[in-house]
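Notes for the one structure printed next.
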């Protein structure tokens with residue numbers, strides 16, 4: 001199973017450290033791809049919505065989803081829908097359909113009763129260093145457990161998202177000089193300003 005190992009290494013490079021939520025995000029991404037019968041995104045074929053907010057201990061889940069699905073921040077193909085869950089909705093943009101994949105409650109419970117979780121919780125840091133002998137059994141569990149025991153997978157359902165048209169033309173801001181995409185330019189009298197400079201011009205003088 002070279003692909004999962006290689007992807008986990010890529011995920012660790014992206015996320016900064018190995019952790020069970022990262023491995024779960026990788027597996028969840030592949031479960032969603034399988035349910036939709038679609039390959040990983042190369043361009044804008046897919047869109048991912050992850051249900052972890054900024055306060056969730058399982059931040060690695062979102063990074064695992066990015067690696068597995070190709071729905072990256074750089075391609076504007078992933079967004080947080082903060083519901084406090086290790087869940088993913090993956091949308092096939094071209095066929096206008098989607099699937100939701102969520103980590104099963106018993107898997108969450110297994111993570112949260114583990115020594116890995118105890119250490120992270122005690123330090124208040126999901127990224128807290130954990131000895132390999134604590135971490136590796138959990139990573140092995142995620143890699144080896146059957147997909148249907150890790151996740152609940154919804155039936156495929158219709159879904160369509162608006163796909164924005166890319167912009168290519170930039171102009172300099174007359175105040176700061178930064179080049180800015182034309183849709184983000186605001187006119188203030190004769191001046192063409194970026195959003196930040198336009199906001200400053202709008203503030204009342206002190």
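A quick yes/no check of all residues on (1) at pLDDT 95 or above; (2) more than 30 Å from residue 12 (Cα to Cα); (3) part of a loop (DSSP other than H, G, I, E, B); (4) in the same structural domain as residue 13 (by TED's automatic domain parsing):
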site	(1), (2), (3), (4)
98	yes, no, no, yes
122	no, no, no, yes
125	no, no, yes, yes
128	no, no, yes, yes
137	no, no, no, yes
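Can you tell me which residue among 163, 178 is modelled with pLDDT under 90 and surrounded by 10 or more Cβ atoms within 10 Å (Cβ to Cβ)? Before you say what the answer is, go through the steps one by one.
Details: 178 fails: modelled with pLDDT under 90.
163 is the lone residue from the list that is modelled with pLDDT under 90 and surrounded by 10 or more Cβ atoms within 10 Å (Cβ to Cβ).
Could you say whether any residue in region 20-40 is touching a helix residue (DSSP H, G or I) at 6+ places or on another chain (Cβ under 7 Å), assigned by TED's automatic domain parsing to the domain that holds residue 132, in a loop (DSSP other than H, G, I, E, B) and buried (at least 21 other Cβ atoms within 10 Å of the Cβ)?
No, every residue in region 20-40 fails to be touching a helix residue (DSSP H, G or I) at 6+ places or on another chain (Cβ under 7 Å), assigned by TED's automatic domain parsing to the domain that holds residue 132, in a loop (DSSP other than H, G, I, E, B) and buried (at least 21 other Cβ atoms within 10 Å of the Cβ).
Looking at the structure I just gave you, is residue 16 modelled with pLDDT under 95, in contact with a strand residue (DSSP E or B) (Cβ under 9 Å, 6 or more places away or on another chain) and over 24 Å from residue 156 (Cβ atoms)?
Values: modelled with pLDDT under 95: yes; in contact with a strand residue (DSSP E or B) (Cβ under 9 Å, 6 or more places away or on another chain): no; over 24 Å from residue 156 (Cβ atoms): yes.
So residue 16 does not fit the description; no.
Quick one: which of 103, 134, 119, 142 is touching a strand residue (DSSP E or B) at 6+ places or on another chain (Cβ under 8 Å) and either surrounded by fewer than 17 Cβ atoms within 10 Å (Cβ to Cβ) or in contact (Cβ under 8 Å) with a residue 12 or more places away in the chain (or both)?
Checking each option against the conditions leaves just 103.
The values are calculated or read from the model by the stated rules, or taken from the named source; none is laboratory data. All figures in this text were calculated on a predicted structure; none of them were measured in a lab. Cβ coordinates were reconstructed from backbone atoms using ideal geometry, including for glycine residues, and neighbour counts include every protein chain displayed.
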